[in-house]
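Accompanying notes for the structure given below.
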Amino acid sequence: MTTMHRWQGRERFVILATAFGAGDAFLDAWQAWRDDPQRCERLVYIAIEPEPPTRDALGAAQDAASPLVEALRAAWPPLTPNLHRLSFDHGAVELLLAIGGLRAWLPELVATVDAFDLATLPSDSDARLAKAFARLAAPDAMLVAIGHPPAWGAALSAAGFNVDIEQQAGRGAIHARFAPAFRPRRAPARMPAQRAEGERHAVIVGAGLAGCAAAWALAAQGWRSTLLDRHDAPATEASGNPAGLFHGIVNAQDGLHARFNRAAALAARGAVQAAVDAGVPGSARGLLRLETTLTVMQMRAVLHRLALPCAYVEALGADEAGARAGLALDHPAWFYPGGGWVQPAGLARHFVARAGDRAAWRAHAEVQRLERIGSGWRLLDASDNTLAEAATVVLANAADALRLIGAADWPIDSVRGQISVADASRLATPRVPIAGRGYLLPAIGGEAMFGATAQPGDADPAVREADHVANLAQLARLTGQPVELTPADLRGRTGWRCSARDKLPLIGAVPELAPQGARLEQPRQVPRQPGLFLFAALGSRGVTWSALGAQVLASWVTGAPAPVEASLLDALDPARFVSRRARRGPNRPPSSRE
Ligand SMILES: Cc1cc2nc3c(=O)[nH]c(=O)nc-3n(C[C@H](O)[C@H](O)[C@H](O)COP(=O)(O)OP(=O)(O)OC[C@H]3O[C@@H](n4cnc5c(N)ncnc54)[C@H](O)[C@@H]3O)c2cc1C
């Protein structure tokens, strides 16, 4: 049976392929999917490629006027070393591009693969590689490859594949089907979420950036959602500032934070650009982040070592950075060409608009508590009236989500922040946002916005003069120029960031809070509360994190391949706090950095 016949009538079909070349095999699969009236709803093509082509080299063997080639070129990302998710045909076709080698990537993929198209396997057979294919394989998954028999045949058979090899001059065309005699073991966090046949609806609590982005990402996977919020409009709390910045980060160690922020910033660029194209105030045309420790030569050495392309980030000397900003600057800067700013509430509303009729919205619905019922959840208000019942619930209501799940002792802080706004005529404003310790935005509608303060545990909603003074001092340090404004010239707004102390969001299935059992030190081994998911703690980076975070959330809910590596998935998993407690013992308090 061909790949095409096997995808017919399916909700989702996942192909994992090597030898991406100029993208021809992907383009052929996409075209075949379009041409097949009985195609699956969603096609996911995972390409593992150490040396992906440049944009111009894509589709070289295809018709030059092909709209598919044009769409692929338009979506082609800066080739940074991480997983890239490119989406086509309104999200129904997805290309996950993993830049690097097969051995490095297989353990980092979280997906259920229906067809492996592996071109040439390494010359030595490898039992670990064969097991890695088995770990990803769906029941009856087909594997096609060129390899050296009989060793590969034996390795694949031992991993649970039925193997058939056509001999060709010492090499073999391997055809295999995954049909293990044993039941493959999966960690609780890697099991597909249980749901009734055809059930594809989620209730989302909270309609800030997180909840609205979740509705969009679920809709892209064919799910409907109902957004509940306690206010009369979306995005009126933390997501209600007039503007917010988004950008990646560079870190010489390229650890989890840098990798997640990079992938998130690349996803944010697409989401913000789509919103700006639809009329939301914002710009994805670059951002400068001042560097006060490294010289520009040291910065360039870091970029060279990390192989980060200038389409993602450039190191600029102070003069060059100043020329981009249109303001004299004292420090070198990282220039993120795909960074920028956007009105968060506009972005949130745009996410909901993109979900179309798959997202419904309910105002004045404050969830007081959750109750487990049968295989789902009941959401109740303060008078114990039922607001909603659902098999799948996503908690995207920032700090209040922790109260609802009874995890108020997790190391998460509410951090008050006040922004300051002046008439733009009173201040020299940059052409692109400048960030560092604090930030200054370009003039927007005649106003200049800068800030912000960060005060953990401060619940005062009032706009305070002392905070304007602090923001003015921070602005003077950032720009290296005296600022001739007083608090009387400023307006302000306060809000609260919900921030985990490890500086990463919480995205995933809600864990059992006091589980018993072995191997709990690994988040993926922690048992979950069925049908209950969390997307919270977006800290001071909700604009940057919301699009990718929502796609990660949607992969947890729907079983779609994860758009980030397994190591990042674990780092974002709310079960990390349960695992840390298991590691240090129940009676010792968390360290301040946890
Ligand atoms: C001063 C300041 C400056 C910032 N600057 C930036 C920036 O430049 N760039 C950036 O990326 N980020 C910035 N942030 C952070 C960003 O605003 C947040 O990360 C983001 O808005 C969080 O979105 P959220 O949806 O998680 O939370 P929120 O926007 O707070 O949304 C939570 C929603 O849940 C609802 N809700 C809560 N409890 C319930 C309940 N029980 N029932 C029903 N509804 C409920 C609330 O009404 C609210 O609408 C800033 C934040 C502050 C405070």
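Just want the answer: with Cβ charges of +1 for Lys and Arg and -1 for Asp and Glu, which residue in Ala360, Pro332, Leu308 is farthest toward the dipole's positive end in the range 302-366? The listed residue farthest towards the positive side: Ala360.
Run through the DSSP bridge list for the chain and note the antiparallel percent, rounded to the nearest 5.
Details: 68 of 106 bridges.
Of those bridges, close to 65 percent are antiparallel.
Computed about the Cα centre, the dipole magnitude for the range 3-189 is approximately 800 debye when only Lys and Arg (+1) and Asp and Glu (-1) carry charge, each at its Cβ.
Computed log10 I(q)/I(0) for the range 429-530 at 0.18 Å⁻¹: -0.91, from the Debye equation with unit scatterers placed on every C-alpha and solvent omitted. 3J(HN,Hα) along the range 15-22: 10, 10, 9, 10, 6, 5, x, 8 Hz, from the Karplus curve 6.51 cos²θ - 1.76 cosθ + 1.60 with θ = phi - 60°, whole Hz, x for Gly and Pro.
Each residue, Glu484 and Ala252, gets one label point 7 Å from its Cα in the Cβ direction; the gap between the two is 4.2 nm.
FRET efficiency for the pair Ala301 and Thr120, taken as 1/(1 + (r/R0)^6) with r the Cβ-Cβ distance and R0 = 45 Å, rounds to 0.80. For a label point 7 angstrom out from the Cα of Leu513 toward its Cβ, which stretches of the range 404-435 have the backbone nitrogen within less than 17 Å? From the range 404-435, the list is 404-413. Close amide H contacts of Ala388 (hydrogens built in the peptide plane, cut-off under 5 Å, sequence separation of 5 or more or a different chain): Leu379. Pairwise Cα separations in the range 483-522 fall into 5 Å bins from 0 onward with the following percentages, short to long: 5, 11, 13, 14, 11, 9, 9, 6, 5, 6, 6, 3, 1.
Atom-type composition of the exposed protein surface of the range 461-594 places 52 percent of the accessible area on carbon and sulfur (1.4 angstrom probe). Amide H to amide H distances under 5 Å link Leu506 with Ala536, Ala537, where only residues 5 or more positions off or on other chains count and H is placed in the peptide plane. Atom-type composition of the exposed protein surface of the range 368-410 places 45 percent of the accessible area on carbon and sulfur (1.4 angstrom probe).
The angle between the Cα long axis of helix 296-306 and the main principal axis of the chain comes to about 20°, on a 0 to 90 degree scale.
Treating each Cα of the range 3-189 as an identical point scatterer and summing with the Debye formula, the log10 of I(q)/I(0) at q = 0.10, 0.12, 0.13, 0.17 Å⁻¹ comes to -0.41, -0.59, -0.70, -1.16.
Of the residues Val144, Val578, Gln481, the one whose Cα sits farthest towards the positive end of the charge dipole of the chain is Val578 (charges of +1 on Lys and Arg Cβ, -1 on Asp and Glu Cβ, taken about the Cα centre).
If R₀ is 22 angstrom, what is the calculated FRET efficiency for the pair Arg403 and Ser383, using the beta carbon separation as r and rounding to 0.05? Write down the numbers at each step before the final one.
Working: r = 18 Å, r/R0 = 0.80.
Efficiency for this residue pair is about 0.80.
Divide the volume of the convex hull around the Cα atoms of the range 279-419 by the residue count and you get 223 Å³ per residue.
Suppose every K and R has +1 on its Cβ and every D and E has -1 on its Cβ; what is the size of the dipole of the chain about the Cα centre, in Debye to the nearest 20?
Numbers: 61 positive and 57 negative charges, 273 e Å.
Value, rounded to 20: 1320 debye.
Taking trypsin sites (Lys or Arg not before Pro) as exposed when DSSP calls them loop (any state but H, G, I, E, B) and at most 12 other Cβ atoms lie within 10 Å, what is the longest stretch of the chain free of them, the sites themselves excluded?
Details: sites that count: Arg185, Arg186, Arg437, Arg519, Arg593.
The reported range is 187-436.
Reducing the range 10-34 and the range 55-108 to their Cα centroids gives an inter-centroid distance of 10 Å. By the Cα gyration tensor, the chain has an equivalent ellipsoid whose semi-axes, rounded to whole angstrom, run 41, 30, 22 from largest to smallest.
The values are calculated or read from the model by the stated rules, or taken from the named source; none is laboratory data. In this text, all values refer to a predicted model and were calculated from it rather than measured experimentally. Reconstructed Cβ throughout: ideal geometry from the backbone, glycine too, with neighbour counts over all protein chains shown. Just the protein is used for accessible areas: all its heavy atoms, side chains included, with ligands, DNA and RNA removed. Shrake-Rupley method; radii C 1.70, N 1.55, O 1.52, S 1.80 Å.
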